[in-house]
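This report refers to the structure that appears directly beneath it.
The values are calculated or read from the model by the stated rules, or taken from the named source; none is laboratory data. Keep in mind it's a predicted model, so treat the numbers as computed, not measured. Every residue, glycine among them, receives a Cβ derived from its backbone with ideal geometry; neighbour counts consider all protein chains shown.
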Amino acid sequence: MAEVKHDLIIIGGGPIGLACGIEAKKAGLDFLILEKGAIVNSIFNYPLYMTFFSTAERLEIGGIPFNCLAPKPGRQEALEYYRNIQRYFDLNLHCFERVESISKSGNDFNVVSDKRNYSSKNVVIATGFYDIPINMGIPGEQLPKVSHYYKEAHEFAFRKIIVVGANNSSVDAALECWRKGADVTMIVRKNEINPRVKYWVKPDVENRIAEGSIKAYFDTCLTEIREGEVDIENADGKFTLENDFVLALTGYRPDFDFLEKAGIELSKDECLIPMHNPETMESNVPGLYLAGVVCGGLETHKWFIENSRVHAEMIVKDILNKS
């Protein structure tokens, strides 16, 4: 198909991608949002009963109030809110269209999706980080009993499950599964539950561990997974535990290969932060911008919806200043 030319192409239809689209529409730019899945696809893939850390007003975009009964909304309320954002603004959004590559030719970008080719003066990458799990790299990790995502507890009821990690997703999964009748064991590399765990949840899991309802091995690594059992190792030695399912909730990372193929440089340290100007969000490639959590590299706790919404205004302002 012939190329379709735009002022701005936004890759990612999450809250920050939508925010960029709203600002582009307000500025009169010819824009397009390309999303590989459903609108706000990462939120759609969150656990069914997940509650946000942020209060509703901090998740708002486009000046549209986010009304919900509780101060902190859940997944379903967030999905409804962002669907209503799309209804209200009628953004030029293509869902289920995956971007395969970005390259620059002269002053324009060639954006190739799995459906057609596009040309744009500017591009925003707002792809988040939830699509690529951080693997443990141990034998048995690819077994069907292992999952890097958690949706709900029902299938784990009355089964022996291992939850790897001690972050928000790990703690939520451990508590929900235990409350649905699962025999839960947490395997934690460090010596405590992550201090960044939601403040109303952290005492709950710590009390369940203290009373023995949820078993926890701290300063411990999972070393091998087999059908019916797993091996763990700590300072006391190596042990085998009976096991039916493993929830390896070890975190997620941005698609660094995609960024590097687009010409974006990454920091040389362990954080792999994509190079960008924090005042404009423009990367080292002129006209190619970053927005949202992808800006933090492996520091995925640094950026959230509430503190990266402003990226949309910064980016569109810079585009207008250059035109």
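Just one of P139, P73 is of a type outside the set (S, T, Y) and either exposed (fewer than 13 other Cβ atoms within 10 Å of the Cβ) or in the same structural domain as V164 (by TED's automatic domain parsing) (or both); which is it? Spell out how you get there, then give the answer.
Numbers: P73 fails: either exposed (fewer than 13 other Cβ atoms within 10 Å of the Cβ) or in the same structural domain as V164 (by TED's automatic domain parsing) (or both).
Result: P139 is the single residue among P139, P73 that is of a type outside the set (S, T, Y) and either exposed (fewer than 13 other Cβ atoms within 10 Å of the Cβ) or in the same structural domain as V164 (by TED's automatic domain parsing) (or both).
What are the residues in region 1-16 that are out of contact with any Asp or Glu (no Cβ under 7 Å at 6 or more places or on another chain) and closer than 16 Å to G292 by Cα, if any? Steps first, please.
Taking region 1-16 and keeping what is out of contact with any Asp or Glu (no Cβ under 7 Å at 6 or more places or on another chain), we get 1-5, 8-11, 14-16.
Correct list: I9, I10, I11, G14, P15, I16.
Go through region 42-65 and give me each residue that's of a type outside the set (A, V, I, L, M), outside any loop (DSSP other than H, G, I, E, B) and touching a residue at least 40 places away in the same chain (Cβ under 8 Å).
Just the residues of region 42-65 that are of a type outside the set (A, V, I, L, M), to begin with: 42, 44-47, 49, 51-55, 57-58, 60, 62-63, 65.
Those still in the list that are outside any loop (DSSP other than H, G, I, E, B) too: 42, 44, 51, 57-58.
Within region 42-65, S42, T51, R58 qualify.
Mind checking whether some residue in region 289-300 is surrounded by fewer than 18 Cβ atoms within 10 Å (Cβ to Cβ) and part of a loop (DSSP other than H, G, I, E, B)? Steps first, answer last, please.
Going residue by residue through region 289-300, those that are surrounded by fewer than 18 Cβ atoms within 10 Å (Cβ to Cβ) are 299.
Going one step further and asking which of them are part of a loop (DSSP other than H, G, I, E, B), we end up with 299.
Scanning region 289-300, I find at least one residue that is surrounded by fewer than 18 Cβ atoms within 10 Å (Cβ to Cβ) and part of a loop (DSSP other than H, G, I, E, B), so the answer is yes.
Restrict the check to region 169-177 and report whether at least one residue is surrounded by fewer than 18 Cβ atoms within 10 Å (Cβ to Cβ) and within 20 Å of the chain's Cα centre (by Cα).
Scanning region 169-177 turns up no residue that is surrounded by fewer than 18 Cβ atoms within 10 Å (Cβ to Cβ) and within 20 Å of the chain's Cα centre (by Cα).
Given the criteria touching a helix residue (DSSP H, G or I) at 6+ places or on another chain (Cβ under 8 Å) and more than 26 Å from D30 (Cα to Cα), does L259 qualify? Spell out how you get there, then give the answer.
Numbers: touching a helix residue (DSSP H, G or I) at 6+ places or on another chain (Cβ under 8 Å): yes; more than 26 Å from D30 (Cα to Cα): no.
No: the conditions fail for L259.
Please name all residue pairs, on different chains or six or more residues apart, with Cβ atoms under 9 Å, provided the first residue is in region 221-232 and is touching a residue at least 24 places away in the same chain (Cβ under 8 Å) and buried (at least 20 other Cβ atoms within 10 Å of the Cβ) and the second residue is assigned to a loop (DSSP other than H, G, I, E, B) and of a type in the set (G, A, S).
So the pair list comes out as I225/G140; V230/G140.
Which residue, of Y150, Y199, Y217, is at pLDDT below 95, among the hydroxyl-bearing types (S, T, Y) and assigned by TED's automatic domain parsing to the domain that holds E242? Even if it seems obvious, please write down each step before you answer.
Numbers: Y150 fails: at pLDDT below 95; Y217 fails: at pLDDT below 95.
Going through Y150, Y199, Y217 in turn, just one is at pLDDT below 95, among the hydroxyl-bearing types (S, T, Y) and assigned by TED's automatic domain parsing to the domain that holds E242: Y199.
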